[in-house]
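Let me begin by presenting the structure, written as structure tokens, before commenting on it.
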Amino acid sequence: MVLARERCVACRRDSPRVTDEEIAELHPGVSEWALTEDDGIKRLDRTFEVKGFAAAMALADRVGEVAEDEGHHPKLTVEWGRVNVAWWTHKIKGLHRNDFIMAAKTDELYAAR
């Protein structure tokens, strides 16, 4: 399973969240991402360390481009020397396979910088 090669599918409000079993299957593919919860909504969360603010902005821009291409958008927090990325599916208020796909794509962008 190579999550980064998959494409996101359009989600509707009735799209199913991933189950705990699916999370256990998918999470090893993006093992550096923390499974977090905010206001009862499960998310994938990771902070990427970079050199300086310009590098942080550049990474955030690349993540934004891929997000726009896939039609699936994260929460990005840019600071000097780091970018925090959080993925979850807003429409279903939780995690969908798309979030794991995008986490894997984000990992590839970081590795290629």
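The values are calculated or read from the model by the stated rules, or taken from the named source; none is laboratory data. Only a predicted model underlies this, so the values are computations on that prediction, with no experimental measurement involved. All Cβ positions, even for glycine, are placed from backbone atoms using ideal geometry, and neighbour counts span all protein chains on display. Note: areas computed on protein heavy atoms with side chains; ligands, DNA, RNA excluded. Shrake-Rupley method; radii C 1.70, N 1.55, O 1.52, S 1.80 Å.
Assess whether residue 78 counts as being at pLDDT 95 or above and closer than 24 Å to residue 2 by Cβ.
no
Tell me, which residue of the stretch 71-92 that is closer than 19 Å to residue 9 by Cβ and free of Cβ contacts under 8 Å to residues at least 60 places away in the same chain is most open to solvent (accessible area, probe 1.4 Å)?
90
Residue 100 is checked against (1) among the hydrophobic types (A, V, I, L, M, F, W, C); (2) more than 24 Å from residue 21 (Cβ to Cβ); (3) assigned to a helix (DSSP H, G or I) and fails just one. What number does that condition carry?
Answer for residue 100: the failing condition is (2).
Given the conditions (1) open to solvent by less than 90 Å² (accessible area, probe 1.4 Å); (2) among the aliphatic types (A, V, I, L, M); (3) at pLDDT below 95, and given that residue 1 satisfies all but one, which numbered condition is not satisfied?
It is condition (1) that residue 1 fails.
Only one of (1) among the charged types (D, E, K, R); (2) in a helix (DSSP H, G or I); (3) surrounded by 13 or more Cβ atoms within 10 Å (Cβ to Cβ) fails for residue 68. Which number is that?
For residue 68, the exception is condition (3).
Which condition from (1) open to solvent by less than 60 Å² (accessible area, probe 1.4 Å); (2) at pLDDT below 95 is the one that residue 23 breaks?
Here residue 23 clears every test but (2).
Would you mind finding the one in 63, 85 that is among the aliphatic types (A, V, I, L, M), in a strand (DSSP E or B) and modelled with pLDDT of 95 or more?
Every option except 85 fails the conditions.
Considering only the stretch 55-77, I want to know if a residue exists there that is out of contact with any strand residue (DSSP E or B) (no Cβ under 6 Å at 6 or more places or on another chain), charged (D, E, K, R) and farther than 17 Å from residue 105 by Cα.
Checked the stretch 55-77: no residue is out of contact with any strand residue (DSSP E or B) (no Cβ under 6 Å at 6 or more places or on another chain), charged (D, E, K, R) and farther than 17 Å from residue 105 by Cα.
Among residues belonging to the stretch 96-113 that are among the small types (Gly, Ala, Ser) and over 10 Å from residue 6 (Cα atoms), point out the one that is least open to solvent (accessible area, probe 1.4 Å).
Within the stretch 96-113, the match that is least open to solvent (accessible area, probe 1.4 Å) is 103.
May I ask you to verify whether residue 55 is at pLDDT 95 or above, among the small types (Gly, Ala, Ser) and over 15 Å from residue 17 (Cβ atoms)?
In short, yes.
Could you say whether any residue in the stretch 28-39 is surrounded by 11 or more Cβ atoms within 10 Å (Cβ to Cβ) and assigned to a helix (DSSP H, G or I)?
Looking through the stretch 28-39, at least one residue is surrounded by 11 or more Cβ atoms within 10 Å (Cβ to Cβ) and assigned to a helix (DSSP H, G or I).
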